[in-house]
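Q: Once you've had a glance at the structure underneath, I'll fire off some questions.
The values are calculated or read from the model by the stated rules, or taken from the named source; none is laboratory data. Just so it is clear, the structure is predicted and the values come from calculations on it, not from any experiment. When we count neighbours, we look across all protein chains shown, and the Cβ atoms used for this are built from the backbone with ideal geometry, even at glycine. Keep in mind that these areas ignore ligands, DNA and RNA; they rest on the heavy atoms of the full protein, side chains included. Shrake-Rupley method; radii C 1.70, N 1.55, O 1.52, S 1.80 Å.
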Amino acid sequence: MKKTLPALFSALLLPLLVQSAFAEAPPKVVNIGFQKGNIFALLKYQGELDKDFKQKGITVNWVGFTAGPQMLEGLNVGSIDLAATGDAPPAIAQAAQTDLVYLAHSPANPLSEAIVVPQNSTIKSVADLKGKRVALNKGSDVNYLLIAALNKAGLSYKDIKPVYLTPGDARAAFQTGTIDAWAIWDPYLAEVETDAHAREVTNAKGIVPHYTFFLSSRKFAETYPQTAKDLITELQSTSRWANEHPQQTAEILAKSTGLGVNIWQTTLARQTYGAERMTPAVFAEQQVLADTLTKAGLLPVPVTVNSATWSLDKQ
């Protein structure tokens with residue numbers, strides 16, 4: 001029996017509707033990595049994302065990390081779906097074959113990371129770091145700052161003695177004088193400047209842009225694109241609120257992290273929150289980073305950064 005045109009149309013349309021509904025079905029659980037000071041921490045402690053996602057049947061599971069490299073190890077092994085890190089960790093993760101995508105980026109915040117020394121140190125410039133012990137979290141965004149700053153001063157990474165420590169261990173080493181300098185980011189930077197009177201040798205201004213990147217496993221972003229877009233929308237909304245309400249933001253983050261409100265006031269005064277979709281220009285800056293780290297021997301293989309472009313951003 002011949003199908004009528006409406007019946008034929010319905011028969012053709014139904015599989016497409018079923019496929020679309022299946023593709024847009026939200027995940028039951030989203031695992032998000034966060035660390036002190038980034039916008040994910042504010043999202044967690046405000047609770048707005050949890051409320052919004054709960055209405056969509058999604059449970060948010062927050063997983064804390066001390067720094068970006070450790071967080072992206074979690075992304076690689078599948079313990080988290082989404083992450084926010086500085087600029088170096090994703091390039092290093094790409095070199096290690098982590099299948100990630102860049103969802104969005106913050107504004108550049110070069111004042112929120114620096115190389116510091118004790119107040120009475122004889123080190124006055126980056127050139128004075130030659131032969132010195134410089135602490136840093138290996139593979140973190142300040143690893144890029146340190147290399148770029150040394151290059152700008154006519155030195156190389158081989159001209160210093162890198163001491164790889166987590167922020168907590170580096171803070172103790174800085175206090176006891178077992179290191180000569182420390183490359184670190186906010187809010188740890190603000191804390192050591194306030195409580196230990198550390199002196200900046202240089203921050204990242206004029207050296208590297210220092211972005212925060214919002215990242216996802218490729219599998220998650222391609223399976224749940226609407227959820228990923230909803231996250232970016234929430235990031236944008238929370239960023240606007242935080243930028244307009246620095247005192248309230250400082251109080252929330254102080255309560256949630258144990259650091260003083262004054263530490264967060266300093267941190268927030270020199271950074272801007274935000275989340276914008278990736279552009280060719282930002283990918284180009286990230287490629288400079290990857291090439292710099294490769295030349296310094298920190299990446300085992302060259303990386304083509306834009307191979308981690310989200311399919312929604314491809315032209």
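Q: Over the Cα atoms of region 90-232, what Rg and Dmax result, in angstrom?
A: 17.0, 54
Q: Using the alpha-carbon atoms, what tilt in degrees (0 to 90, nearest 10) does helix 225-244 show relative to the longest principal axis of the chain?
A: Around 40 degrees separate the two axes.
Q: Now a separate question. So what's the net charge close to Y188: Lys and Arg +1, Asp and Glu -1, counting the other residues with Cβ under 11 Å from its Cβ? Don't jump to the answer; show the numbers that get you there.
A: On the way: positive: K36, R171; negative: E113, D186, E191, E193, D195.
Around Y188, the charge tally is -3.
Q: What accessible area, in Å² to the nearest ten, does a 1.4 Å probe give for I39?
A: 0 Å²
Q: Let me ask something else about it. With a 1.4 Å probe and all protein chains kept in place, how do Y102, Y188, Y211 rank by accessible area, largest first?
A: Ranked from most to least accessible, the order is Y188, Y211, Y102.
Q: Would you mind telling me the antiparallel percentage of the DSSP bridges in the chain, rounded to 5?
A: On the way: 19 of 33 bridges.
Just about 60 percent of them are antiparallel.
Q: Continuing with this model, one more query. Subtracting the Cα-Cα distance from 0.36 nm times the residue separation, let me have the gained length for D291 to Q248 in nm, one decimal. Don't jump to the answer; show the numbers that get you there.
A: Numbers: separation 43, 0.36 × 43 = 15.48 nm, distance 3.98 nm.
So the chain would gain 11.5 nm between D291 and Q248.
Q: A follow-up question, please. Most mobile of A95, A172, A198 per a Gaussian network model of the chain (Cα springs, under 10 Å)?
A: Of A95, A172, A198, the Gaussian network model singles out A172 as fluctuating most.
Q: For region 176-315, what's the relative contact order in percent, using C-alpha pairs closer than 8 Å and at least 6 residues apart? Kindly include the intermediate steps, with their values, before the conclusion.
A: Details: 73 pairs, mean separation 32.2, N = 140.
Relative contact order, region 176-315: 23 percent.
Q: Suppose every K and R has +1 on its Cβ and every D and E has -1 on its Cβ; what is the size of the dipole of region 147-194 about the Cα centre, in Debye to the nearest 20? All intermediate terms of the calculation are to be shown ahead of the outcome.
A: Details: 4 positive and 6 negative charges, 49 e Å.
The calculation lands at about 240 debye.
Q: Could you put I92, I58 in order of accessible surface area, largest first, with the 1.4 Å probe and the full protein assembly present? Don't jump to the answer; show the numbers that get you there.
A: Working: I92 45, I58 10 Å².
Most to least solvent-accessible, the answer reads I92, I58.
Q: If you add up the charges near N109, with Lys and Arg at +1 and Asp and Glu at -1, over every other residue whose beta carbon is less than 14 angstrom from its beta carbon, what do you get? Display every interim value, and only then the final one.
A: Working: positive: K205, R270; negative: D87, E113, D141, D186, E276, E285.
So the environment of N109 carries a net charge of -4.
Q: In addition: Quick check: with the 1.4 Å probe, what order do K152, K219 take by accessible area, largest first? Before the final figure, lay out the partial values.
A: Numbers: K152 140, K219 165 Å².
Of K152, K219, the descending order of accessible area is K219, K152.
Q: OK, next. Mind listing the Cα extents of region 76-163 along all three principal axes, in Å, largest one first?
A: 45, 26, 22
Q: Enumerate the aspartates and glutamates that K132 could reach by cross-link, defined here as Cα to Cα under 12 Å, with residues fewer than 8 away along the same chain left out.
A: D159, D180
Q: Per residue, what volume in Å³ does the Cα convex hull of region 155-290 take up?
A: Convex hull of Cα atoms, per residue: 162 Å³.
Q: Now a separate question. Starting from the 7 Å offset along Cα-to-Cβ, what nm value, one decimal, do you get for the label separation of Q175 and Q119?
A: Spacing of the two 7 Å Cα→Cβ label points: 1.7 nm.
Q: Continuing with this model, one more query. Pick from T194, T85, T98 the residue whose mean-square fluctuation is largest in a GNM of the chain, springs joining Cα atoms under 10 Å.
A: T194
Q: Can I ask one more? Mind pulling the angle between the C-alpha long axis of helix 141-152 and the longest principal axis of the chain? Nearest 10 degrees, somewhere in 0 to 90.
A: Taking the Cα atoms of the chain, the angle to 141-152 is about 50 degrees.
Q: While we're looking at this one, here's another question. Over 24 Å between C-alpha atoms is what I'm after, so list which of K36/K152; K205/K295; K219/K295 land there. Can you show the working numbers first?
A: Details: K36/K152 30 Å; K205/K295 22 Å; K219/K295 30 Å.
From the list (K36/K152; K205/K295; K219/K295), the Cα-Cα distance tops 24 Å for K36/K152; K219/K295.
Q: Within the set of other residues whose C-beta is less than 12 Å from the C-beta of E285, count the net charge using Lys and Arg as +1 and Asp and Glu as -1.
A: Numbers: positive: none; negative: D87, D291.
Overall, the nearby charge balance is -2.
Q: Additional query: Compute the helix-to-body angle for 167-176: its Cα long axis versus the longest principal axis of the chain, expressed 0 to 90° and rounded to tens.
A: The two axes meet at around 10 degrees.
Q: Translational D (Stokes-Einstein, µm²/s) of the chain at 20 °C and 1.002 mPa s when Rh comes from the Kirkwood sum over C-alpha pairs?
A: Details: Rh = 20.7 Å.
D = 104 µm²/s.
Q: Label-point separation (nm) for A25 and A269, each offset 7 Å from Cα along Cα-to-Cβ?
A: Result: 5.2 nm between the two label points.
Q: Suppose we keep just the alpha-carbon trace of region 18-175; what are its Rg and Dmax in angstrom?
A: Over region 18-175's Cα set, Rg and Dmax evaluate to 19.2, 69 Å.
Q: For V77, what accessible surface area do you get with a 1.4 Å probe? Give it in Å², rounded to 10.
A: 120 Å²
Q: Divide by every residue of the chain the summed helix terms, -39500 (n - 2.57) for each DSSP H run of at least 4, and state the resulting mean residue ellipticity at 222 nm, rounded to the nearest 500 deg cm²/dmol. Don't skip to the end; give the middle numbers.
A: Details: 13 runs with 147 residues, N = 315.
Only helices count here, giving -14000 deg cm²/dmol.
Q: Which value does Rg/Rh take for region 213-315 over its C-alpha atoms, Rh per Kirkwood?
A: Numbers: Rg = 17.3 Å, Rh = 16.3 Å.
When Rh is taken as the Kirkwood radius, the ratio is 1.06.
Q: Could you grab the relative contact order for the chain? Cα pairs under 8 Å, six or more apart, rounded to a whole percent. Could the numbers behind the result be given before it?
A: Working: 538 pairs, mean separation 79.2, N = 315.
About 25 percent, as a whole number.
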